[in-house]
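In what follows, a single structure is set out as structure tokens and then discussed.
Just so it is clear, none of the values below were taken in a lab; they were calculated from the coordinates. The structure presented is a predicted model; accordingly, all values stated were derived computationally and were not measured. Glycine also receives a Cβ, built like all others from the backbone with ideal geometry; neighbour counts cover every protein chain displayed.
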Amino acid sequence: MRIILLGPPGAGKGTLAKDLCKEFNIPHISTGDLFREAVAAGTELGKMVREILTAGKLVPDEIVNQVVAERLRKEDCKSGFILDGYPRTIAQAEFLEKELSALGKNIDAVLYLQISEDAVVKRLTNRRICPKCGKIYNMVSMPPKFDETCDDCGERLITRDDDKEEVVRNRYKVYIQATEPLVNFYEKRGILFKINSDCEHEELIKNALEVLEKVRKSGKD
Ligand code: ADP
Ligand code: ZN
């Protein structure tokens, strides 16, 4: 299975990706992770993208495309992959399509996780982090034992700056705007599947697997 995941911050993309790669035994390829690893390792690529990442800007298409093309050529991608965070622009989507078709392959499914702005705000603004040890809590689904203090070190928990309401609302709007062209692109190709992600995680996984099972069956006949 060759899968692309689309969805705004807070939609649960990361957790779904982890579950799907276990289920299908295929790698989870997150361009954000690849760049962060390169920065941490101080490679040539890392040096090139470090400032872009810090500024929260997009890495130029040519660089992202090269990184992804190289990653997709690795042995572990033979039976499929899950792309997370890529493509983000039409130029990237077109490049990916060409790259795969040169290998006689294509994308099987694009899963678009849908969740309302208010639901994302509710999820992310309930997130708290311990400034001392980094442990993450959720005041609704995973609250600390005592008040708003860390279970492990007793430190007062804080809200990350990018989890503040106005910032979350802005990130959401920016995401939807930037993703719309990609949604159209894949809708035209008949491989876009919208999945409600404003639900318990188990339900999201179940729905995603159902969609992928249908895709797999239709590919066989
Ligand atoms: P976020 O959802 O916060 O943007 P990601 O982990 O997806 O986090 O990406 C982190 C950073 O890596 C982005 O801000 C951007 O600079 C870069 N990046 C990741 N994927 C892409 C992409 N497909 N195109 C351009 N830049 C990317
Ligand atoms: Zn702590």
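Quick notes
- Taking 7 Å steps out from each Cα toward its Cβ at CYS153 and THR43 produces label points 3.1 nm apart.
- Entry note, the chain: the mean residue ellipticity at 222 nm calculated from DSSP H runs of n ≥ 4, each adding -39500 (n - 2.57), is -16500 deg cm²/dmol after division by the residues and rounding to the nearest 500.
- Positive-end residue of SER197, CYS130, LEU100, charge dipole of the range 100-218 with Cβ unit charges: LEU100
- Residue among LEU58, ILE26, THR43 farthest towards the positive dipole end of the range 2-212, charges placed on Cβ: THR43
- ARG160 long-range amide H proximity, modeled H, under 5 Å: ILE129
- For peptides 59-70, 43-54, 3-14, sequence by mean Cβ density within 10 Å, most packed first: 3-14, 59-70, 43-54
- Extension gain (nm, one decimal) between ASP33 and ALA69, 0.36 nm per residue minus Cα-Cα: 11.4 nm
- Charging the Cβ of each Asp and Glu at -1 and of each Lys and Arg at +1, and nothing else, the dipole of the range 176-221 about its Cα centre rounds to 400 debye.
- Shape of the chain, Cα gyration tensor, a/c cut at 1.5: prolate
- Additional length obtainable on full extension of the chain from GLU23 to ASN126, 0.36 nm per residue less Cα span: 34.1 nm
- Taking the number of Cβ atoms within 10 Å of each Cβ as an exposure proxy, the fewest-first ranking of TYR172, TYR137 is TYR137, TYR172.
- With the simple model of a label 7 Å out from the Cα in the direction of the Cβ, LYS194 to ARG169 spans 2.4 nm.
- Only Lys, Arg (+1) and Asp, Glu (-1) charged, at Cβ; the chain dipole about Cα centre in debye: 260
- Multiplying the residue separation of LYS145 and ASP76 by 0.36 nm and subtracting their alpha-carbon distance yields 20.7 nm.
- Our summary gives the range 2-212 a relative contact order of 28 percent, counting only alpha carbon pairs under 8 angstrom and 6 or more residues apart.
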